[in-house]
1. Could you please tell me which pairs satisfy a Cβ distance under 7 Å, a separation of 6+ or placement on different chains, a first residue in the range 260-279 that is in contact (Cβ under 8 Å) with a residue 24 or more places away in the chain, and a second residue that is within 13 Å of the ligand (Cβ to nearest atom) and β-branched (Val, Ile, Thr)?
2. For a quick check of your reading: which strands (runs of 3 or more DSSP E) sit entirely within the range 320-422 and have at least 2 residues that are among the small types (Gly, Ala, Ser)?
3. Suppose we filter the range 284-298 for residues that are away from the ligand (no atom under 13 Å from the Cβ) and either touching a strand residue (DSSP E or B) at 6+ places or on another chain (Cβ under 8 Å) or more than 16 Å from residue 267 (Cα to Cα) (or both); how many remain?
4. Looking at the range 349-367, can you tell me whether even one residue there is under 21 Å from residue 50 (Cα atoms), away from the ligand (no atom under 16 Å from the Cβ) and of a type in the set (Phe, Trp, Tyr)?
5. Looking at 73, 28 in this structure, which one is within 25 Å of residue 231 (Cα to Cα), modelled with pLDDT of 95 or more and not charged (D, E, K, R)?
6. Tell me, which residue of the range 367-410 that is touching a residue at least 60 places away in the same chain (Cβ under 8 Å) and surrounded by fewer than 18 Cβ atoms within 10 Å (Cβ to Cβ) is farthest from residue 267 (Cα to Cα)?
7. Between residues in the range 351-366 that are over 11 Å from residue 384 (Cα atoms) and residues that are within 14 Å of the ligand (Cβ to nearest atom) and assigned to a helix (DSSP H, G or I), which pairs lie under 7 Å by C-beta distance while being six or more apart or on different chains?
8. From the list 310, 279, which one is near the ligand (Cβ under 9 Å from one of its atoms) and under 17 Å from the mean Cα position of the chain (by Cα)?
Amino acid sequence: MRHTLLLSALLIWAATSAGQNKNAPVNYDESKVPTFEVPDVLTCADGSRVKTRKQWEHKRRPELMKMFGEQEYGLTPGQTGIKVKHELVATNNNALGGLATQKQVRFVFTGTNGQTHEALLLLYLPNNTAKRVPVIIGYNFHGNQTTTLQDDVISSPSKDLMQSAGSEKWVRGEQQRRWSYEAALRRGYAVATMCYHDICPDSPGLLAKGVLPLFPGYNEGQRTPDEWGTIGVWAWGYSRIADYLQKKEPRIDGKRMVVMGHSRLGKTALWAGVQDERFQVVISNNSGCGGAALSKRVFGENIARITASFPHWFCPAFNAYSENEAALPFDQHELLALIAPRYVYVASAEDDQWADPKGEYLSACYAGAAYQLYEASSPSEAQLQEVKLHHNVGYHIRPGGHDVTEYDWQCFLDFCDKAFSR
Ligand code: GTR
(Lines give C-alpha, C1' and ligand atoms only; values in the text may rest on other atoms or scores of the structure.)
Protein backbone atom coordinates (compact mmCIF):
# COMPACT_ATOMS: atom_id res chain seq x y z
CA MET A 1 0.00 0.00 0.00
CA ARG A 2 2.75 2.43 1.00
CA HIS A 3 4.66 1.53 -2.13
CA THR A 4 1.62 2.15 -4.29
CA LEU A 5 1.11 5.53 -2.67
CA LEU A 6 4.75 6.42 -3.12
CA LEU A 7 4.64 5.32 -6.74
CA SER A 8 1.50 7.39 -7.43
CA ALA A 9 3.10 10.41 -5.76
CA LEU A 10 6.21 9.98 -7.91
CA LEU A 11 4.14 9.60 -11.07
CA ILE A 12 2.17 12.74 -10.27
CA TRP A 13 5.41 14.61 -9.61
CA ALA A 14 6.99 13.33 -12.84
CA ALA A 15 3.93 14.19 -14.89
CA THR A 16 3.58 17.67 -13.48
CA SER A 17 7.16 18.82 -13.21
CA ALA A 18 8.55 17.66 -16.55
CA GLY A 19 8.89 20.06 -19.42
CA GLN A 20 7.66 23.62 -19.43
CA ASN A 21 10.89 25.01 -20.85
CA LYS A 22 10.34 28.63 -21.75
CA ASN A 23 13.73 28.72 -23.48
CA ALA A 24 13.14 25.64 -25.64
CA PRO A 25 14.25 26.38 -29.22
CA VAL A 26 11.58 27.29 -31.77
CA ASN A 27 11.96 25.98 -35.30
CA TYR A 28 10.80 27.92 -38.36
CA ASP A 29 12.83 25.96 -40.89
CA GLU A 30 10.87 23.40 -42.88
CA SER A 31 14.02 21.37 -43.55
CA LYS A 32 14.46 20.90 -39.78
CA VAL A 33 11.00 19.49 -39.17
CA PRO A 34 11.62 16.04 -37.64
CA THR A 35 10.60 12.95 -39.55
CA PHE A 36 7.63 11.57 -37.72
CA GLU A 37 4.88 9.09 -38.11
CA VAL A 38 1.37 10.53 -38.15
CA PRO A 39 -0.69 8.44 -35.71
CA ASP A 40 -3.31 6.62 -37.76
CA VAL A 41 -6.78 7.92 -36.95
CA LEU A 42 -8.35 4.52 -37.63
CA THR A 43 -5.91 2.24 -35.81
CA CYS A 44 -7.02 1.42 -32.28
CA ALA A 45 -4.66 1.15 -29.32
CA ASP A 46 -4.92 -2.66 -29.52
CA GLY A 47 -3.74 -2.58 -33.15
CA SER A 48 -7.12 -3.39 -34.69
CA ARG A 49 -8.36 -1.22 -37.57
CA VAL A 50 -11.63 0.63 -37.73
CA LYS A 51 -13.65 -0.28 -40.81
CA THR A 52 -17.15 0.81 -39.88
CA ARG A 53 -18.88 3.83 -38.40
CA LYS A 54 -19.98 1.66 -35.52
CA GLN A 55 -16.41 0.69 -34.65
CA TRP A 56 -15.42 4.34 -34.87
CA GLU A 57 -18.26 5.56 -32.68
CA HIS A 58 -18.10 2.82 -30.07
CA LYS A 59 -14.43 2.03 -29.85
CA ARG A 60 -11.92 4.33 -31.49
CA ARG A 61 -13.68 7.65 -30.90
CA PRO A 62 -14.13 7.07 -27.12
CA GLU A 63 -10.53 5.87 -26.93
CA LEU A 64 -9.24 9.06 -28.57
CA MET A 65 -11.53 11.26 -26.45
CA LYS A 66 -10.04 9.62 -23.37
CA MET A 67 -6.49 10.29 -24.57
CA PHE A 68 -7.15 13.97 -25.25
CA GLY A 69 -8.92 14.24 -21.91
CA GLU A 70 -6.35 12.43 -19.79
CA GLN A 71 -3.25 13.70 -21.51
CA GLU A 72 -3.88 17.12 -23.02
CA TYR A 73 -6.88 19.18 -21.94
CA GLY A 74 -7.85 17.29 -18.79
CA LEU A 75 -11.14 15.61 -18.02
CA THR A 76 -14.37 17.58 -18.05
CA PRO A 77 -16.34 16.88 -14.84
CA GLY A 78 -19.60 15.01 -15.45
CA GLN A 79 -22.27 15.60 -12.81
CA THR A 80 -21.49 19.01 -11.38
CA GLY A 81 -24.81 19.96 -9.80
CA ILE A 82 -24.17 23.52 -11.01
CA LYS A 83 -27.38 25.42 -11.71
CA VAL A 84 -27.54 28.31 -14.15
CA LYS A 85 -30.08 31.13 -14.04
CA HIS A 86 -30.48 33.50 -16.96
CA GLU A 87 -31.58 37.09 -16.45
CA LEU A 88 -32.39 39.34 -19.38
CA VAL A 89 -30.63 42.55 -18.43
CA ALA A 90 -31.35 44.70 -21.49
CA THR A 91 -32.98 44.54 -24.91
CA ASN A 92 -32.57 46.94 -27.81
CA ASN A 93 -34.76 46.19 -30.83
CA ASN A 94 -32.97 48.69 -33.00
CA ALA A 95 -29.28 47.95 -32.55
CA LEU A 96 -26.48 48.26 -35.11
CA GLY A 97 -28.41 50.72 -37.25
CA GLY A 98 -31.61 48.68 -37.04
CA LEU A 99 -30.04 45.45 -38.30
CA ALA A 100 -30.35 43.64 -35.01
CA THR A 101 -32.18 43.00 -31.80
CA GLN A 102 -29.56 43.17 -29.09
CA LYS A 103 -30.00 41.21 -25.90
CA GLN A 104 -27.75 41.11 -22.87
CA VAL A 105 -28.22 38.15 -20.59
CA ARG A 106 -26.66 37.60 -17.19
CA PHE A 107 -25.72 34.00 -16.38
CA VAL A 108 -25.74 33.26 -12.66
CA PHE A 109 -24.01 29.97 -11.87
CA THR A 110 -24.62 28.38 -8.45
CA GLY A 111 -22.63 25.41 -7.17
CA THR A 112 -23.89 22.75 -4.76
CA ASN A 113 -21.67 24.48 -2.17
CA GLY A 114 -23.81 27.62 -2.55
CA GLN A 115 -21.07 29.66 -4.25
CA THR A 116 -22.18 31.80 -7.18
CA HIS A 117 -20.53 33.36 -10.19
CA GLU A 118 -21.74 35.71 -12.93
CA ALA A 119 -21.05 36.10 -16.64
CA LEU A 120 -22.62 38.30 -19.31
CA LEU A 121 -23.75 37.22 -22.76
CA LEU A 122 -24.25 39.64 -25.66
CA LEU A 123 -26.59 38.36 -28.37
CA TYR A 124 -27.44 39.85 -31.75
CA LEU A 125 -30.50 38.51 -33.57
CA PRO A 126 -31.11 39.55 -37.20
CA ASN A 127 -34.12 41.82 -37.75
CA ASN A 128 -34.40 40.91 -41.44
CA THR A 129 -36.25 37.66 -40.74
CA ALA A 130 -38.85 36.40 -38.30
CA LYS A 131 -37.69 32.82 -38.74
CA ARG A 132 -35.54 30.80 -36.39
CA VAL A 133 -31.92 31.47 -37.23
CA PRO A 134 -28.55 29.73 -36.95
CA VAL A 135 -26.16 31.18 -34.39
CA ILE A 136 -22.41 31.69 -34.26
CA ILE A 137 -21.09 31.53 -30.70
CA GLY A 138 -17.65 32.95 -29.98
CA TYR A 139 -15.83 34.22 -26.91
CA ASN A 140 -14.16 37.60 -26.98
CA PHE A 141 -10.85 38.46 -25.29
CA HIS A 142 -11.51 41.76 -23.54
CA GLY A 143 -15.21 42.14 -22.90
CA ASN A 144 -18.44 42.46 -24.86
CA GLN A 145 -18.03 46.25 -24.90
CA THR A 146 -14.88 45.92 -27.05
CA THR A 147 -16.68 44.06 -29.85
CA THR A 148 -18.87 46.98 -30.96
CA LEU A 149 -19.29 50.73 -30.68
CA GLN A 150 -22.94 50.29 -29.61
CA ASP A 151 -22.83 52.44 -26.48
CA ASP A 152 -25.48 50.47 -24.59
CA VAL A 153 -23.36 47.32 -24.52
CA ILE A 154 -22.51 46.71 -20.88
CA SER A 155 -18.88 46.02 -19.92
CA SER A 156 -18.22 42.39 -19.11
CA PRO A 157 -17.97 41.70 -15.36
CA SER A 158 -14.40 40.41 -15.64
CA LYS A 159 -13.18 43.80 -16.88
CA ASP A 160 -12.51 45.15 -13.39
CA LEU A 161 -10.63 42.00 -12.43
CA MET A 162 -8.50 41.65 -15.56
CA GLN A 163 -7.86 45.14 -16.88
CA SER A 164 -4.37 46.34 -16.09
CA ALA A 165 -3.90 50.02 -15.35
CA GLY A 166 -3.55 52.17 -18.44
CA SER A 167 -4.38 49.30 -20.80
CA GLU A 168 -6.37 50.33 -23.85
CA LYS A 169 -7.44 46.76 -24.57
CA TRP A 170 -10.75 46.98 -22.72
CA VAL A 171 -11.92 50.20 -24.34
CA ARG A 172 -15.32 50.23 -26.09
CA GLY A 173 -15.04 49.13 -29.71
CA GLU A 174 -11.34 48.24 -29.43
CA GLN A 175 -11.90 44.77 -30.95
CA GLN A 176 -14.69 45.83 -33.26
CA ARG A 177 -12.74 44.98 -36.40
CA ARG A 178 -12.66 41.34 -35.27
CA TRP A 179 -16.45 41.07 -35.05
CA SER A 180 -18.22 41.28 -38.41
CA TYR A 181 -21.64 41.41 -36.79
CA GLU A 182 -23.21 43.29 -39.69
CA ALA A 183 -22.03 40.78 -42.30
CA ALA A 184 -23.34 37.86 -40.24
CA LEU A 185 -26.68 39.53 -39.51
CA ARG A 186 -27.24 40.50 -43.14
CA ARG A 187 -26.79 36.85 -44.03
CA GLY A 188 -29.34 35.77 -41.45
CA TYR A 189 -27.07 34.61 -38.64
CA ALA A 190 -27.33 35.48 -34.97
CA VAL A 191 -24.06 36.04 -33.12
CA ALA A 192 -23.53 35.45 -29.41
CA THR A 193 -20.41 36.49 -27.52
CA MET A 194 -19.10 36.48 -23.97
CA CYS A 195 -15.75 37.43 -22.49
CA TYR A 196 -13.81 34.21 -21.85
CA HIS A 197 -12.45 35.62 -18.57
CA ASP A 198 -16.07 35.73 -17.34
CA ILE A 199 -16.03 31.92 -17.28
CA CYS A 200 -12.50 31.51 -15.98
CA PRO A 201 -9.87 34.26 -15.77
CA ASP A 202 -6.89 33.49 -18.00
CA SER A 203 -4.31 33.92 -15.29
CA PRO A 204 -2.91 31.17 -13.03
CA GLY A 205 -3.27 33.33 -9.92
CA LEU A 206 -6.91 34.22 -10.57
CA LEU A 207 -8.45 30.85 -11.40
CA ALA A 208 -10.48 30.87 -8.19
CA LYS A 209 -12.27 34.02 -9.40
CA GLY A 210 -14.20 32.18 -12.12
CA VAL A 211 -16.58 29.21 -12.13
CA LEU A 212 -14.02 26.67 -10.86
CA PRO A 213 -14.76 26.95 -7.10
CA LEU A 214 -18.36 25.96 -7.87
CA PHE A 215 -17.26 22.51 -9.01
CA PRO A 216 -17.44 19.70 -6.46
CA GLY A 217 -13.98 18.73 -5.22
CA TYR A 218 -12.23 21.86 -6.50
CA ASN A 219 -8.94 22.16 -4.71
CA GLU A 220 -7.09 25.36 -5.46
CA GLY A 221 -3.47 24.84 -6.47
CA GLN A 222 -3.60 21.04 -6.13
CA ARG A 223 -3.88 19.57 -9.58
CA THR A 224 -4.01 15.91 -10.47
CA PRO A 225 -2.31 14.89 -13.77
CA ASP A 226 -5.58 14.64 -15.67
CA GLU A 227 -7.30 17.63 -14.07
CA TRP A 228 -8.74 19.97 -16.66
CA GLY A 229 -7.02 23.16 -17.61
CA THR A 230 -8.71 26.41 -18.55
CA ILE A 231 -9.20 25.38 -22.19
CA GLY A 232 -11.46 22.66 -20.80
CA VAL A 233 -13.24 25.11 -18.52
CA TRP A 234 -13.82 27.58 -21.35
CA ALA A 235 -15.10 24.72 -23.52
CA TRP A 236 -17.56 23.83 -20.74
CA GLY A 237 -18.67 27.48 -20.82
CA TYR A 238 -19.32 27.28 -24.56
CA SER A 239 -21.73 24.43 -23.86
CA ARG A 240 -23.52 26.49 -21.20
CA ILE A 241 -24.04 29.26 -23.78
CA ALA A 242 -25.41 26.62 -26.17
CA ASP A 243 -27.80 25.43 -23.43
CA TYR A 244 -29.21 28.91 -23.07
CA LEU A 245 -29.58 29.58 -26.79
CA GLN A 246 -31.08 26.19 -27.52
CA LYS A 247 -33.54 26.08 -24.64
CA LYS A 248 -34.37 29.67 -23.78
CA GLU A 249 -34.06 31.74 -26.93
CA PRO A 250 -36.98 31.00 -29.26
CA ARG A 251 -35.45 32.85 -32.22
CA ILE A 252 -32.47 30.46 -32.28
CA ASP A 253 -32.50 27.22 -34.22
CA GLY A 254 -30.78 24.89 -31.76
CA LYS A 255 -29.96 22.45 -34.56
CA ARG A 256 -27.79 25.01 -36.30
CA MET A 257 -25.23 26.15 -33.76
CA VAL A 258 -21.68 27.13 -34.67
CA VAL A 259 -18.83 27.43 -32.19
CA MET A 260 -15.91 29.58 -33.22
CA GLY A 261 -12.78 30.98 -31.64
CA HIS A 262 -9.52 32.70 -32.44
CA SER A 263 -6.14 31.51 -31.25
CA ARG A 264 -6.38 30.13 -27.66
CA LEU A 265 -10.12 30.36 -28.15
CA GLY A 266 -9.76 28.45 -31.42
CA LYS A 267 -8.15 25.63 -29.42
CA THR A 268 -11.11 25.96 -27.06
CA ALA A 269 -13.68 25.90 -29.87
CA LEU A 270 -12.21 22.63 -31.16
CA TRP A 271 -12.29 20.93 -27.76
CA ALA A 272 -15.82 22.23 -27.15
CA GLY A 273 -16.93 21.02 -30.59
CA VAL A 274 -15.44 17.59 -29.99
CA GLN A 275 -17.26 17.12 -26.70
CA ASP A 276 -20.58 18.77 -27.47
CA GLU A 277 -22.21 17.33 -30.57
CA ARG A 278 -24.84 20.06 -30.64
CA PHE A 279 -22.25 22.21 -32.41
CA GLN A 280 -22.89 21.43 -36.05
CA VAL A 281 -20.01 23.60 -37.24
CA VAL A 282 -16.72 24.17 -35.43
CA ILE A 283 -14.43 27.00 -36.51
CA SER A 284 -10.85 27.39 -35.37
CA ASN A 285 -9.05 30.54 -36.44
CA ASN A 286 -5.24 30.60 -36.16
CA SER A 287 -5.43 28.09 -33.31
CA GLY A 288 -1.90 26.69 -33.72
CA CYS A 289 -0.20 24.59 -31.04
CA GLY A 290 -2.71 22.68 -28.92
CA GLY A 291 -5.32 23.61 -31.55
CA ALA A 292 -5.37 22.55 -35.18
CA ALA A 293 -1.59 22.36 -35.75
CA LEU A 294 0.18 19.02 -35.64
CA SER A 295 2.37 18.90 -32.52
CA LYS A 296 4.78 16.39 -33.99
CA ARG A 297 6.04 18.86 -36.62
CA VAL A 298 7.49 20.92 -33.77
CA PHE A 299 7.25 23.99 -36.01
CA GLY A 300 6.59 27.40 -34.44
CA GLU A 301 5.14 27.23 -30.95
CA ASN A 302 5.87 23.86 -29.33
CA ILE A 303 4.70 22.00 -26.23
CA ALA A 304 7.65 23.12 -24.06
CA ARG A 305 6.93 26.77 -24.84
CA ILE A 306 3.17 26.65 -24.53
CA THR A 307 3.17 24.74 -21.24
CA ALA A 308 5.81 27.12 -19.86
CA SER A 309 3.88 30.28 -20.81
CA PHE A 310 0.41 28.93 -20.07
CA PRO A 311 0.71 26.12 -17.49
CA HIS A 312 -2.96 26.51 -16.63
CA TRP A 313 -4.34 25.87 -20.14
CA PHE A 314 -3.76 22.12 -20.27
CA CYS A 315 -3.78 19.27 -17.77
CA PRO A 316 -0.47 18.69 -15.92
CA ALA A 317 0.06 15.35 -17.72
CA PHE A 318 0.58 17.24 -21.01
CA ASN A 319 3.92 18.50 -19.68
CA ALA A 320 5.35 15.02 -20.23
CA TYR A 321 5.45 15.80 -23.99
CA SER A 322 7.41 18.98 -23.62
CA GLU A 323 10.51 18.62 -25.87
CA ASN A 324 9.20 15.11 -26.40
CA GLU A 325 6.49 15.44 -29.08
CA ALA A 326 7.65 12.21 -30.69
CA ALA A 327 6.27 10.31 -27.68
CA LEU A 328 2.72 11.60 -28.14
CA PRO A 329 0.39 8.66 -28.83
CA PHE A 330 -1.99 11.00 -30.70
CA ASP A 331 -1.84 14.26 -32.61
CA GLN A 332 -4.12 17.18 -33.34
CA HIS A 333 -5.53 15.83 -36.62
CA GLU A 334 -7.29 13.28 -34.42
CA LEU A 335 -8.93 16.11 -32.50
CA LEU A 336 -10.42 17.33 -35.80
CA ALA A 337 -11.37 13.76 -36.69
CA LEU A 338 -13.43 13.53 -33.50
CA ILE A 339 -15.78 16.15 -34.97
CA ALA A 340 -16.69 13.90 -37.94
CA PRO A 341 -19.08 13.90 -39.67
CA ARG A 342 -19.97 17.38 -38.46
CA TYR A 343 -18.37 20.37 -40.16
CA VAL A 344 -15.01 21.71 -39.05
CA TYR A 345 -13.16 24.71 -40.45
CA VAL A 346 -9.50 25.57 -39.98
CA ALA A 347 -8.26 29.06 -40.86
CA SER A 348 -4.59 30.05 -41.08
CA ALA A 349 -2.65 33.23 -41.84
CA GLU A 350 0.54 33.31 -43.90
CA ASP A 351 2.56 35.40 -41.47
CA ASP A 352 1.35 33.52 -38.41
CA GLN A 353 4.22 31.05 -38.48
CA TRP A 354 4.07 30.70 -34.68
CA ALA A 355 0.78 28.81 -35.29
CA ASP A 356 2.31 26.67 -38.10
CA PRO A 357 -0.14 27.14 -40.99
CA LYS A 358 1.22 24.10 -42.80
CA GLY A 359 0.73 21.96 -39.68
CA GLU A 360 -2.83 23.26 -39.44
CA TYR A 361 -3.48 22.36 -43.06
CA LEU A 362 -1.99 18.86 -42.78
CA SER A 363 -4.09 18.23 -39.70
CA ALA A 364 -7.21 19.05 -41.74
CA CYS A 365 -6.04 16.54 -44.39
CA TYR A 366 -5.21 13.73 -42.00
CA ALA A 367 -8.52 14.12 -40.16
CA GLY A 368 -10.13 12.99 -43.42
CA ALA A 369 -9.84 9.30 -42.52
CA ALA A 370 -12.74 9.62 -40.06
CA TYR A 371 -14.78 11.72 -42.50
CA GLN A 372 -14.40 9.06 -45.18
CA LEU A 373 -16.26 6.62 -42.95
CA TYR A 374 -19.26 8.92 -43.44
CA GLU A 375 -18.55 9.57 -47.12
CA ALA A 376 -17.82 13.16 -46.17
CA SER A 377 -14.97 15.01 -47.84
CA SER A 378 -11.77 16.61 -46.58
CA PRO A 379 -8.82 18.38 -48.23
CA SER A 380 -5.92 16.38 -49.59
CA GLU A 381 -2.21 17.07 -49.38
CA ALA A 382 -2.14 17.67 -53.12
CA GLN A 383 -4.29 20.78 -52.59
CA LEU A 384 -1.84 22.44 -50.22
CA GLN A 385 -1.32 25.43 -52.50
CA GLU A 386 -5.01 26.24 -52.70
CA VAL A 387 -6.19 29.06 -50.49
CA LYS A 388 -9.79 28.13 -49.81
CA LEU A 389 -11.31 24.67 -49.62
CA HIS A 390 -14.86 23.83 -48.72
CA HIS A 391 -15.07 20.17 -47.90
CA ASN A 392 -16.75 18.92 -44.72
CA VAL A 393 -13.36 19.82 -43.34
CA GLY A 394 -12.85 23.35 -44.64
CA TYR A 395 -9.71 25.44 -44.79
CA HIS A 396 -8.38 28.79 -45.87
CA ILE A 397 -5.15 30.65 -45.64
CA ARG A 398 -4.94 34.40 -46.19
CA PRO A 399 -2.11 36.93 -46.30
CA GLY A 400 -1.30 38.76 -43.08
CA GLY A 401 -0.80 37.91 -39.44
CA HIS A 402 -2.44 36.49 -36.36
CA ASP A 403 -5.89 38.08 -36.35
CA VAL A 404 -9.55 37.70 -37.30
CA THR A 405 -10.40 39.74 -40.38
CA GLU A 406 -13.51 40.64 -42.36
CA TYR A 407 -12.30 38.17 -44.99
CA ASP A 408 -12.06 35.38 -42.39
CA TRP A 409 -15.68 36.05 -41.43
CA GLN A 410 -16.78 35.93 -45.05
CA CYS A 411 -15.15 32.52 -45.39
CA PHE A 412 -16.73 31.30 -42.15
CA LEU A 413 -20.16 32.44 -43.30
CA ASP A 414 -19.73 30.80 -46.73
CA PHE A 415 -18.75 27.59 -44.98
CA CYS A 416 -21.72 27.74 -42.59
CA ASP A 417 -24.05 28.36 -45.57
CA LYS A 418 -22.69 25.19 -47.11
CA ALA A 419 -23.04 23.23 -43.87
CA PHE A 420 -26.63 24.37 -43.41
CA SER A 421 -27.45 24.09 -47.16
CA ARG A 422 -28.53 27.73 -47.30
C1 GTR B 1 -0.02 33.14 -27.80
C2 GTR B 1 0.09 31.67 -27.62
C3 GTR B 1 -0.69 30.99 -28.70
C4 GTR B 1 -2.03 31.63 -28.97
C5 GTR B 1 -2.07 33.11 -28.70
C6 GTR B 1 -3.43 33.75 -28.48
O7 GTR B 1 0.76 33.86 -26.92
O8 GTR B 1 1.43 31.31 -27.66
O9 GTR B 1 -0.80 29.62 -28.41
O10 GTR B 1 -3.04 30.98 -28.31
O11 GTR B 1 -1.35 33.48 -27.60
O12 GTR B 1 -4.32 33.20 -27.87
O13 GTR B 1 -3.57 34.90 -28.93
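The values are calculated or read from the model by the stated rules, or taken from the named source; none is laboratory data. Model, not experiment: these values are computed from the prediction. Neighbour counts run over all protein chains shown; Cβ positions are idealised from the backbone, glycine included.
1. Sorted first by the residue in the range 260-279, then by its partner, the pairs are 261/268; 262/404; 267/231; 268/231; 271/231.
2. 343-349
3. So the count comes out to 3.
4. Checked the range 349-367: at least one residue is under 21 Å from residue 50 (Cα atoms), away from the ligand (no atom under 16 Å from the Cβ) and of a type in the set (Phe, Trp, Tyr).
5. 73
6. For the range 367-410, the residue satisfying everything is 374.
7. As it stands, the answer is 363/332, since those pairs meet every condition given.
8. From the options 310, 279, the qualifying one is 310.
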